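Below is one structure; the comments refer to it alone.
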Amino acid sequence: MLRVCGGSLNVAFVLDVFSRMIVGWQVSTSLRTDLALDALDMGLWARQRAGQDVTGLTHHSDRDSPNTRVCG
């Protein structure tokens, strides 16, 4: 969860650890299963579009990681 001055946002990132690139992401005001799945779909699409083989992909989730507060 990302705390902002107007409330909070939930953020999901998909990191390709081999290339060290964020290949998928999603932001939502609610914590729902689709949040992570949408980010994963974006990551798969990005890797496939780049011509990468996603067969044998391993996925790991770090749910409930430390919260971050951002306020301007």
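Over the range 2-53, what number does the Rg to Rh ratio reach, with both radii from the alpha-carbon atoms and Rh per Kirkwood?
With Rg and the Kirkwood Rh in hand, the quotient comes to 1.08.
Report, in debye and to the nearest 20, how large the dipole of the range 2-53 comes out about its Cα centre when Lys and Arg carry +1 and Asp and Glu carry -1 on their Cβ. Walk me through the numbers before you get to the answer.
Working: 5 positive and 5 negative charges, 36 e Å.
Roughly 180 debye for the range 2-53.
All of the numbers you see were taken from the coordinates with simple rules; none came from a lab. Not measured: the values here are computed from a predicted model. Cβ sites come from the backbone with ideal geometry, for glycine too, and all protein chains shown count toward neighbours.
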